[in-house]
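Read-outs: derived from the displayed coordinates by stated rules, not from any lab. Keep in mind the model is a prediction, meaning the values are calculated, not measured. Glycine gets a Cβ as well: all are built from the backbone with ideal geometry, and neighbour counts include every protein chain shown.
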Amino acid sequence: MELRQLEYFVAVAEEANFTRAAERVHISQSGISAQIRQLEHDLGATLIDRSSRTATLTSAGEAALVHARAALASADAMRQAVDDVNQLIRGRLVVGMVTACTVKPLFDALSAFHVAHPGIEITLTEDSSDRLVERVRAGAIDLALVGTATAPPEGLDAFPIISEGLVAAVPPGHPLAGRSRVTLAELGDHAIVCMPTGTGIRTVFDQACAAAGLRPDIALQASAPDAVADLAIRGLGVAVLSESMATDYRGRLTAVALDDVDIPAVLALVWKSPAGPALRELVQHTRRSFGDVQTAPAAVGG
């Protein structure tokens, strides 16, 4: 008895016709008939009634069908199990992150994964969040750490890491430095330093300004949060950053809450289903590495 004979038998049972079954499994009608006769010989029973134009199962055939399907399913499961092991031994994963954002927990996860699975090549690529999401959807990137507005992008699996508000970050001595809160309209009286279009921070800020009917004066743009903060420290404008980003510059920048920005900036890991075994394993490493969302790094900006 061979697996291919069981496959042919199931095809005839489901198609109720030798010709259609032969087309389905890509074999000649005479070939499928011969294989099923051999199966019947091995089992010592007639499985298919051939007395009419429709191929129908005998009682023995009905009993055999259940086990034939189970045997084929078991064989498929065995192949998948072996494939899963092979994919954890060798392969390649492409991981995306926002440009110039150093995210230590992600690097820790990549390091731990590499130790566990040294045969899998990891390629790290940088881009804006919008383009990273597009590349994940297209299958060009396996896993990406992105910043978005409100929630992770639809249609992708996601692990949200942190959701937080925006602040205006200003150096000591700035007119806004003594304020606890500022409105977007008031912010419009000052030059603004912000991330470029396509990043999570900029998307949140643009959406909030549009909702308020405002067109902010973006004096300078920089793709890296560090650069945005550094420009503000040098007095070139008010930096628009996430709350956690601004915390990194305490003492050099004062974070002033933005009163009318109700849209959260979200940092999330995103990937496309179905995830292969290597990607599933990497996602587990990143979940462990990032841990509690409340202690997530300041990297919503991308």
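Some values worked out for this structure:
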| quantity | calculated |
| --- | --- |
| Solution diffusion estimate, µm²/s, Stokes-Einstein, the chain, Kirkwood Rh from C-alpha pairs, 20 °C, viscosity 1.002 mPa s | 92 µm²/s |
| Between the stretch 38-112 and the stretch 144-177, the Cα center-to-center distance that results, in Å | 42 Å |
| Qualifying trypsin sites (Lys or Arg not before Pro) in the stretch 190-262, DSSP loop, other Cβ atoms within 10 Å at most 15 | R234, R252 |
| Cα-Cα pairs of the stretch 3-87 separated by more than 14 Å (percent) | 64 percent |
| Whole-number percent relative contact order across the stretch 166-263, with pairs defined as alpha carbons under 8 Å at least 6 apart | 49 percent |
| Helix-only mean residue ellipticity at 222 nm for the chain, each DSSP H run of n ≥ 4 adding -39500 (n - 2.57), per residue, nearest 500 | -14000 deg cm²/dmol |
| Relative contact order of the chain, defined on C-alpha pairs under 8 angstrom at six or more residues apart (%) | 23 percent |
| Protection-proxy order for peptides 41-49, 69-77, each taking the mean of Cβ atoms within 10 Å per residue, highest first | 41-49, 69-77 |
| Euclidean distance between Cα centres, the stretch 248-270 to the stretch 1-33, Å | 63 Å |
